[in-house]
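Peer 1: Sharing a structure with you now.
The values are calculated or read from the model by the stated rules, or taken from the named source; none is laboratory data. Here the structure is a predicted model, which means the values were calculated and not measured. FYI the Cβ positions are ideal-geometry reconstructions off the backbone, even for glycines, and counts take in every protein chain you see.
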């Protein structure tokens, strides 16, 4: 990093103590930007970097709720409205015990550049709570969501800030949140949340979008190097929406998924994972992936989910959570012949893992580009809401595929322009940064 970028990074660490994930996310972007500041001194002169690493607004609030036994609980709610240079803040809500300010800021910072890459007029934000919906009844989840939205409602709107789902926030939670927003505001503002039910303003393909988008950009990258997905062995960490629909799409394109995981462990089936059974276990029954063995006793199960990277494969798709793949995991994949890694989760590779990937010239797509399909389709949902329209599955899917292909092409072209051909990490970081930075220059010091 050059001196200016290094000075900004030091200020980020000093001003945000103990927020390791945020520091990591900022450093990953900043270390790509030295050639940009060499070429564009006006960015430094106008303090673009100092402003872009500081959220426009940080909201923390108390969320009291009552369980089915009448016991009162208190969680923390968060919303980080990071940057609105390109449009209203846009980003999901995560309900998980690990959520704290540093996690939300890391996710919000990533969202700024990811959203910019989609080409849609949306800024970046993120939110959530340290509430854990696992093991809670529907009534408990509803009461929590209503309490959470009672505070959040004053900060959001279809032209201000548009939340969506993330880990722990699916269709059930979005429904409860929207119902409370409507109750408080006394108006039907469909565009205030995305990921809604199909009967009341939601979009087709939204559930599948992040997983499908990951595979579309993966396919485009491999095509660029004359490689087909056909007959490739794939392992996918996670078993939420991203993992399930990455499995679905990569299988449709001729590959075979042989392993998936959840937080309790991983599953290996050399004959290929039965996706319909996984959907029943995870989406219908909200169960654990180990239940797969009841139908397929010859499959293998390991109760250490991080060991999934020990399985021999051609393609690895980490789709669970941040920093789930370390350098040791990457080295094992390399030793077993992996050719490509695509990030379905936000920042699932550690910095050491990314370094090893680059040193070994693996085909690699960072999450900033690879998992942009979800927010791209959320923006498509916003478009449909604004038009009072409803698009077909095929129309949304085609638009999603076009967006993901364009992200790959933009990142590739920008990487080559700045002397880093083939480096999609640098390409995605710089392409996203340029769009946001130029908008900030146009809008003055705000």
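Peer 1: Name, by its number, the condition in (1) surrounded by 23 or more Cβ atoms within 10 Å (Cβ to Cβ); (2) in a helix (DSSP H, G or I); (3) in contact with a helix residue (DSSP H, G or I) (Cβ under 6 Å, 6 or more places away or on another chain) that does not hold for residue 381.
Peer 2: Every condition holds for residue 381 apart from (3).
Peer 1: Check residue 183 against each of (1) under 30 Å from residue 314 (Cβ atoms); (2) surrounded by fewer than 23 Cβ atoms within 10 Å (Cβ to Cβ); (3) modelled with pLDDT of 95 or more and name the one condition it does not meet.
Peer 2: Of everything listed in (1) under 30 Å from residue 314 (Cβ atoms); (2) surrounded by fewer than 23 Cβ atoms within 10 Å (Cβ to Cβ); (3) modelled with pLDDT of 95 or more, residue 183 misses just condition (1).
Peer 1: Please enumerate the residues belonging to the stretch 275-306 that are surrounded by fewer than 17 Cβ atoms within 10 Å (Cβ to Cβ), modelled with pLDDT of 95 or more and out of contact with any strand residue (DSSP E or B) (no Cβ under 8 Å at 6 or more places or on another chain).
Peer 2: 276, 277, 279, 280, 291, 294, 295, 296, 297, 298 - these are the residues of the stretch 275-306 that are surrounded by fewer than 17 Cβ atoms within 10 Å (Cβ to Cβ), modelled with pLDDT of 95 or more and out of contact with any strand residue (DSSP E or B) (no Cβ under 8 Å at 6 or more places or on another chain).
Peer 1: Does residue 258 count as at pLDDT 95 or above, more than 23 Å from residue 292 (Cα to Cα) and outside any loop (DSSP other than H, G, I, E, B)?
Peer 2: no
Each row is one residue, and each column tells you yes or no for (1) in a loop (DSSP other than H, G, I, E, B); (2) touching a helix residue (DSSP H, G or I) at 6+ places or on another chain (Cβ under 6 Å).
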position	(1), (2)
174	no, no
203	yes, yes
231	yes, no
236	no, yes
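Peer 1: Are there any pairs with C-beta distances below 8 angstrom linking a residue in the stretch 384-411 that is without any contact (Cβ under 8 Å) to a residue 60 or more places away in the chain and on the phi > 0 side of the Ramachandran plot to a residue that is part of a helix (DSSP H, G or I) and buried (at least 21 other Cβ atoms within 10 Å of the Cβ), with the two at least 6 apart or on different chains, and if so which?
Peer 2: none
Peer 1: Additional query: Restricting to the stretch 290-313, and then to whatever is touching a residue at least 40 places away in the same chain (Cβ under 8 Å) and within 23 Å of the chain's Cα centre (by Cα), can you tell me which residue is farthest from residue 232 (Cα to Cα)?
Peer 2: For the stretch 290-313, the residue satisfying everything is 305.
Peer 1: Examine the stretch 359-369 for a residue that is outside the structural domain of residue 168 (by TED's automatic domain parsing), farther than 17 Å from residue 218 by Cβ and surrounded by fewer than 24 Cβ atoms within 10 Å (Cβ to Cβ), and state whether such a residue exists.
Peer 2: Within the stretch 359-369 (the criterion being outside the structural domain of residue 168 (by TED's automatic domain parsing), farther than 17 Å from residue 218 by Cβ and surrounded by fewer than 24 Cβ atoms within 10 Å (Cβ to Cβ)), the answer is yes, since at least one residue qualifies.
Peer 1: Exactly one condition in (1) in contact (Cβ under 8 Å) with a residue 40 or more places away in the chain; (2) touching a strand residue (DSSP E or B) at 6+ places or on another chain (Cβ under 8 Å); (3) surrounded by 16 or more Cβ atoms within 10 Å (Cβ to Cβ) is false for residue 189; which is it?
Peer 2: Every listed condition holds for residue 189 apart from (1).
Peer 1: Is there a residue being within 21 Å of residue 217 (Cα to Cα), in a helix (DSSP H, G or I) and touching a helix residue (DSSP H, G or I) at 6+ places or on another chain (Cβ under 8 Å) anywhere in the stretch 311-324?
Peer 2: no
Peer 1: Does the stretch 41-59 contain any residue that is over 30 Å from residue 424 (Cβ atoms), modelled with pLDDT of 95 or more and surrounded by 20 or more Cβ atoms within 10 Å (Cβ to Cβ)?
Peer 2: No, the stretch 41-59 contains no residue that is over 30 Å from residue 424 (Cβ atoms), modelled with pLDDT of 95 or more and surrounded by 20 or more Cβ atoms within 10 Å (Cβ to Cβ).
Peer 1: With respect to residue 287, determine if the residue is farther than 16 Å from residue 236 by Cβ, free of Cβ contacts under 8 Å to residues at least 24 places away in the same chain and outside any helix (DSSP H, G or I).
Peer 2: Criteria met by residue 287.
Peer 1: Looking only at the stretch 314-342, count how many residues are in contact with a strand residue (DSSP E or B) (Cβ under 6 Å, 6 or more places away or on another chain) and either farther than 19 Å from residue 260 by Cα or buried (at least 22 other Cβ atoms within 10 Å of the Cβ) (or both).
Peer 2: 13
Peer 1: Return yes when residue 76 is touching a strand residue (DSSP E or B) at 6+ places or on another chain (Cβ under 9 Å), under 18 Å from residue 209 (Cβ atoms) and surrounded by fewer than 21 Cβ atoms within 10 Å (Cβ to Cβ) and no when it is not.
Peer 2: The answer is no for residue 76.
Peer 1: Of all residues being outside any helix (DSSP H, G or I) and surrounded by 13 or more Cβ atoms within 10 Å (Cβ to Cβ) in the stretch 1-40, which is modelled with the lowest pLDDT? Just the residue, please.
Peer 2: Only one residue fits best here, namely 1.
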